[in-house]
Amino acid sequence: MVRRGFSSNTTRSEQLLFLTDDQLRQGIELMFFAYRGFTADPDRILETRGYGRAHHRAIHFINRRPGLTVNELLDILAVTKQSLNRVLRQLVEDRMVESRVGVVDRRQRNLHLTETGKAFERELTEAQRKRMRAAFSRAGPEAVQGFRRVLEEMIDPELREYAFGPSEGARP
């Protein structure tokens, strides 16, 4: 199947993973449109509450790592303290997130989703899960594995522990 600007016919050089600048540009463009589609469904849900993508990212990572500290979330999201505080304040006021005093260090604030926050996170994730499941199903298992590998290789080394967990974060 040939799509505008992107050919599914692979040449010998492509099979050897030598990609031309034009092929890389096509890949960048495909990622742009894929990301646009990937975020469209949750964006509509977020908009109903007056939230944006920063809220979504915060909710996602707090759900994935209950007890995450504010500083850890700052590291993951790579946003300013001021920006994160605005998002967290709104999520706490809306009873989506609880900020608890740290057990080990009382100066720390550990973040947890409330039941309302967990339900909202499930709604957001289900929209994306549905889109990914359909795309993976159509693409097939080899494409899924290749896609995952490409994404893994694009992650900066200092973020690997956040993406893979402590045991996998150090892998080459």
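A few comments on the model shown:
- Using 0.36 nm per residue and subtracting the Cα-Cα separation, the extra length available between residue 43 and residue 89 on full extension is 14.6 nm.
- The simple spin-label model puts a point 7 Å past each Cα toward its Cβ; for residue 118 and residue 26 those points are separated by 4.6 nm.
- As a proxy for reagent exposure, 162, 35, 51 were ordered by neighbouring Cβ count within 10 angstrom, fewest first; the result is 35, 162, 51.
- Dipole of segment 21-151 [Lys/Arg +1, Asp/Glu -1 at C-beta], most positive-end residue of 108, 62, 23: 108
- The modelled label-to-label distance for the pair residue 125/residue 18, using points 7 Å beyond Cα in the direction of Cβ, is 4.4 nm.
- Assuming charge only on the beta carbon of Lys and Arg (+1) and of Asp and Glu (-1), the dipole of segment 50-143 about its Cα centre is about 100 debye to the nearest 20.
- Max mean-square fluctuation residue, GNM over the chain, Cα-Cα springs under 10 Å, options 18, 147, 136: 18
- Helix runs (DSSP H) in the chain reaching 27 Å along axis by Cα, Kyte-Doolittle at least 1.6: none
- Top of 97, 144, 87 by mean-square fluctuation, Gaussian network on the chain, Cα under 10 Å: 144
- Potential lengthening between residue 72 and residue 161 on full extension [0.36 nm per residue; Cα-Cα distance subtracted]: 30.9 nm
- The dipole here belongs to the chain: it is taken about the Cα centre, uses +1 on the Cβ of Lys and Arg and -1 on the Cβ of Asp and Glu, and is about 400 debye.
- Calculated [θ] (222 nm, deg cm²/dmol) that DSSP helices of n ≥ 4 give over the chain, each run adding -39,500 (n - 2.57): -20500 deg cm²/dmol
- Of the residues 30, 91, 124, the one that moves most in a GNM of the chain with alpha-carbon contacts below 10 Å is 30.
- Put in line by how crowded their Cβ is, counting other Cβ atoms within 10 Å and starting with the fewest, 46, 111, 77, 24 read 24, 77, 46, 111.
Just so you know, all these numbers are worked out from the coordinates, no wet-lab data involved. Quick caveat: nothing in here was measured; it's all calculated off a predicted structure. Don't worry about glycine lacking a Cβ; one is built from the backbone with ideal geometry, like all the others, and counts go over all protein chains shown.
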